[in-house]
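Participant: Before I ask anything, here is the structure I am working with.
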Amino acid sequence: MRNTLGYQNPEVYAKFNIVGTICALFIDDNTSNTIKQGGVNYGSGPASVLMSNADKRGKNWKDAKDEKHKILVFNTDNIIDYKIRYINIEYKLLSQKNFNEVLGTQLSDSEIDNLTFEKVKEIIIYLNKKDE
């Protein structure tokens, strides 16, 4: 997560929950504080701000138990290779607002608003299988 534009987190590595064309990392109460707070060097960094404002910005996905999750995604088709020491990946917190744009879907606003965390996971897995 070191060389990302929107979620720079030096020396922090995370195992993604879904790996494919669309990779997804689930962030919830059980996630390491280092990840939730933007890293040891960025305790009040951009990730921390995004996480604290998530309710207002529609970036929480509720599961069947009414627990909140955030989904950090990136699309492996959108990797920028600077042809020097590193590549750059644009991570985005998946929200109701950016859902269609990030995942390339065409759901209506009401369909997106009614999605549960489990259903969003199913959609990401389906999109990955479709790309195989």
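The values are calculated or read from the model by the stated rules, or taken from the named source; none is laboratory data. Worth saying up front: this structure is predicted, and the values here are computed from it rather than measured. Every residue, glycine among them, receives a Cβ derived from its backbone with ideal geometry; neighbour counts consider all protein chains shown.
Participant: Step by step: first the residues of the stretch 63-116, then only those that are among the hydroxyl-bearing types (S, T, Y) and in contact with a strand residue (DSSP E or B) (Cβ under 7 Å, 6 or more places away or on another chain), then the one that is surrounded by the fewest Cβ atoms within 10 Å (Cβ to Cβ). Which residue is that? Spell out the reasoning first.
Facilitator: Of the residues in the stretch 63-116, the ones among the hydroxyl-bearing types (S, T, Y) are 76, 82, 86, 91, 95, 105, 108, 110, 116.
With in contact with a strand residue (DSSP E or B) (Cβ under 7 Å, 6 or more places away or on another chain) added as a condition, the list becomes 76, 82, 91, 116.
Working: T76: 13, Y82: 9, Y91: 18, T116: 14.
Checking each candidate, the answer is Y82.
Participant: Report whether or not Y7 is assigned to a loop (DSSP other than H, G, I, E, B), under 29 Å from N114 (Cβ atoms) and at pLDDT below 80. Break it down stepwise before answering.
Facilitator: Working: assigned to a loop (DSSP other than H, G, I, E, B): yes; under 29 Å from N114 (Cβ atoms): yes; at pLDDT below 80: yes.
It is true that Y7 is assigned to a loop (DSSP other than H, G, I, E, B), under 29 Å from N114 (Cβ atoms) and at pLDDT below 80.
Participant: Which of the following residues is outside any strand (DSSP E or B) and touching a residue at least 60 places away in the same chain (Cβ under 8 Å): L72, L127? Walk me through it before giving the result.
Facilitator: On the way: L72 fails: outside any strand (DSSP E or B).
Being outside any strand (DSSP E or B) and touching a residue at least 60 places away in the same chain (Cβ under 8 Å) holds for just one of L72, L127, which is L127.
Participant: Just give me the residues in the stretch 104-127 being at pLDDT below 95 and within 15 Å of the chain's Cα centre (by Cα), in sequence order.
Facilitator: Selection gives G104 alone.
Participant: Let me ask something else about it. Of (1) in a loop (DSSP other than H, G, I, E, B); (2) in contact with a strand residue (DSSP E or B) (Cβ under 9 Å, 6 or more places away or on another chain); (3) at pLDDT below 60, K15 satisfies all except one. Which?
Facilitator: Only one criterion is unmet by K15, namely (3).
Residue by residue, here is whether (1) out of contact with any helix residue (DSSP H, G or I) (no Cβ under 7 Å at 6 or more places or on another chain); (2) modelled with pLDDT of 90 or more; (3) β-branched (V, I, T); (4) on the phi > 0 side of the Ramachandran plot holds:
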| site | (1), (2), (3), (4) |
| --- | --- |
| A24 | no, yes, no, no |
| I35 | yes, no, yes, no |
| G43 | yes, no, no, no |
| V49 | yes, no, yes, no |
| R57 | yes, no, no, no |
| F74 | yes, no, no, no |
| I84 | yes, no, yes, no |
| K92 | no, no, no, no |
